Number of protein chains: 2
Amino acid sequence: MTNPTAAMLVIGDEILSGRTRDSNMYHLAGELTKQGIDLQEVRVVGDERAAIVAAVRALSGAYDHVFTSGGIGPTHDDITADCIAAAFEATIDVRADARALLAAHYARTGAELNEARLRMARIPEGATLIDNPVSVAPGFTLGNVHVMAGVPAVFEAMVASVLPTLTGGAPLLSQSLRVMRGEGEIATPLAALAADFPDLSIGSYPFQKDGAYGANIVVRGAEGARVDAAITRLARELGL
Amino acid sequence: MTNPTAAMLVIGDEILSGRTRDSNMYHLAGELTKQGIDLQEVRVVGDERAAIVAAVRALSGAYDHVFTSGGIGPTHDDITADCIAAAFEATIDVRADARALLAAHYARTGAELNEARLRMARIPEGATLIDNPVSVAPGFTLGNVHVMAGVPAVFEAMVASVLPTLTGGAPLLSQSLRVMRGEGEIATPLAALAADFPDLSIGSYPFQKDGAYGANIVVRGAEGARVDAAITRLARELGL
């Protein structure tokens, strides 16, 4: 059985201008790996309707799940919900269930549920709400697309809400070996290992520390005994 | 005159598995903004030939420049150079100029220029080398695609080598206003401002600090006087 596949779409001019450093990709990648969902592609686009709609359609058609971050707040540049609706040719309007969540929240805090805040209750027809325990305004799932906020604390809370509802796969097992030699010294045994263990993913991640070269070799696969066998052979061949 | 456009392609399983936190996107985004080159899309794909070739073709056709990071080392999982050659239907082999750089380097350090290290001299026909002052093995430019290493220190050095060779545009000017109110309170004047200044990009980036809501409003544009006028009007409307 192969694991479910996923893509992520990060939406926001502030990432592309270098103003903001994205942290949501790194968070989602780690969470999906734990759940055995195979993140295969990430795209980042700006707050542009045509770019968002095209990316949603392409990714939604190519992967089992798509996770988006950004663009679901109350301001004029928050256009994600409308773009998702357009991508699926769904209608979108203020929805009673989302409006009720916001109304209860603002009644509690004493702020006004004005027209701008009501934008956050615009949810496409047929979507399921994603719980937001941090700041109430919900995300949503439409088809295979999970739409979440860009603010990291809210994004992470929404990921925690939505992931348990998805069917994961077998989490990949991994072992790593830290080798204090340049990659050029170990590339030949590594290539032979990769050829002999085609069921495993064998990656080499070089680093430099105090002027010396080294690499972390990471072996990943579904069967623990195979991962063990590959790491044992490599350590023996490298005299570790 | 409109500014040149760009896309970035990050290549590496380690980013998608959550093992490594990418920092090259943030670095490149900031450098391109300074030079007036408009980064419009980023994609991240794994060490998969078909995915890399398809992404290079799509981005190379859609933007003025494409910058890649990752996959040009000596190990079996470093397949970027071959994929770029395939995307452009160019031949690729060990090239004399790149080989000479590596040979001089390893002669100096006393290490052997073995078959694995020679892989780093595989450069597509017609490409121009990108200088690597950190660890010698060069990047290259083929067509409108600039191919660079994934290790951040090397990536940043290669970006510094290649950017001065490109024609930039007018750097966008920006001013920002920090507002200690929730976005829902300021969305209406912001939307009116965006409608009255269609030549400017007006973004709202919310944050939470010590339990209070705020937003940074960023106004960007090519003309300083227009950015000034928008910021002044907004500050007045918000009573700041």
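The values are calculated or read from the model by the stated rules, or taken from the named source; none is laboratory data. What you see is a predicted model; the values in this text were computed from it and never measured. We place every Cβ from the backbone using ideal geometry, glycine too, and count neighbours over all the protein chains shown. Protein only, heavy atoms only, side chains kept; ligands, DNA and RNA dropped before computing areas. Shrake-Rupley method; radii C 1.70, N 1.55, O 1.52, S 1.80 Å.
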Note to self: Averaged over its residues, how many other protein chain Cβ atoms are within 10 Å of peptide A:115-122's Cβ atoms?
What the structure shows: 3
Item checked: Compactness index (Cα Rg / 2.2 N^0.38 Å), chain A -> 1.25
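Using a 1.4 Å probe on the protein chains only, how many percent of the accessible area of the protein assembly as shown belongs to carbon and sulfur?
For the protein assembly as shown, the apolar C and S fraction of the accessible surface comes to 52 percent.
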Notebook entry, point to check: What list of ³J(HN,Hα) couplings, whole Hz, do you get for region B:14-22 from phi and the Karplus terms 6.51, -1.76, 1.60, once you set θ to phi - 60° and write x for glycine and proline?
Noted result: 5, 6, 6, 7, x, 6, 10, 8, 5
Note to self: Residues of region B:184-215 that become at least 50 Å² less accessible with every protein chain present than in their own chain isolated, using 1.4 Å: which are they?
What the structure shows: B:GLY184, B:TYR205
Notebook entry, point to check: Comparing B:VAL145, B:VAL94, B:VAL66, which has the greatest mean-square fluctuation in the GNM of chain B with Cα pairs linked when under 10 Å apart?
Noted result: B:VAL94
Note to self: Below 8 Å between Cα atoms, with a sequence gap of 6+, how large is the relative contact order for region B:173-237 in percent?
What the structure shows: 44 percent
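Quick one: dipole size for the protein assembly as shown, taken about the Cα centre, charges +1 on Lys/Arg Cβ and -1 on Asp/Glu Cβ, in debye to the nearest 20.
700 debye
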Next item on the list: Quick one: what are the phi-derived ³J(HN,Hα) couplings along region A:34-43, Karplus 6.51/-1.76/1.60 with θ = phi - 60°, whole Hz, x for glycine and proline?
Entry: 4, 8, x, 9, 8, 6, 10, 7, 10, 10
Next item on the list: Find the accessible area per residue for the protein assembly as shown; the probe is 1.4 Å, ligands and nucleic acids are left out, and the unit is Å².
Entry: 43 Å²
Checklist line | Rg and Dmax [Cα atoms of region B:149-208; Å; Rg one decimal, Dmax integer] | finding: 18.3, 46
Margin query: Regarding region B:2-78, what's the average projected area of the Cα-atom convex hull, expressed in nm²?
Written below: 5.3 nm²
Checklist line | 3J(HN,Hα) from dihedral phi, region B:137-146, Karplus parametrisation 6.51/-1.76/1.60, rounded to Hz, x for glycine, proline | finding: 3, x, x, 7, 10, 10, x, 9, 10, 10
Checklist line | region B:38-76 versus region B:163-214: alpha-carbon centroid distance in Å | finding: 30 Å
Note to self: For the interface of chains B and A, what total accessible area is buried with a 1.4 Å probe, rounded to the nearest 100 Å²?
What the structure shows: 4400 Å²
Item checked: Inter-chain Cβ neighbour average for residues B:40-48, partner chain, 10 Å -> 6
Next item on the list: With unit charges on the beta carbon (Lys/Arg positive, Asp/Glu negative), name the residue among B:LEU234, A:ALA127, A:LEU240 whose Cα is farthest towards the positive pole of the charge dipole of the protein assembly as shown.
Entry: A:LEU240
Check: Peptide B:75-82: average number of partner chain Cβ atoms within 10 Å per residue?
Finding: 5
Check: What's the percent breakdown of Cα-Cα distances in region B:66-185 across 5 Å bins, shortest bin first?
Finding: 2, 10, 19, 20, 17, 8, 5, 5, 4, 4, 3, 2, 1, 0
Notebook entry, point to check: For the rotation that superimposes chain B on chain A, which residue of B has the C-beta lying nearest to the axis, and at what distance in Å?
Noted result: B:ARG43, 3
Margin query: Amide H of A:LEU9 versus every other amide H placed in the peptide plane: which residues, excluding those fewer than 5 positions away on the same chain, fall under 5 Å?
Written below: A:ARG43, A:PHE67, A:THR68, A:SER69
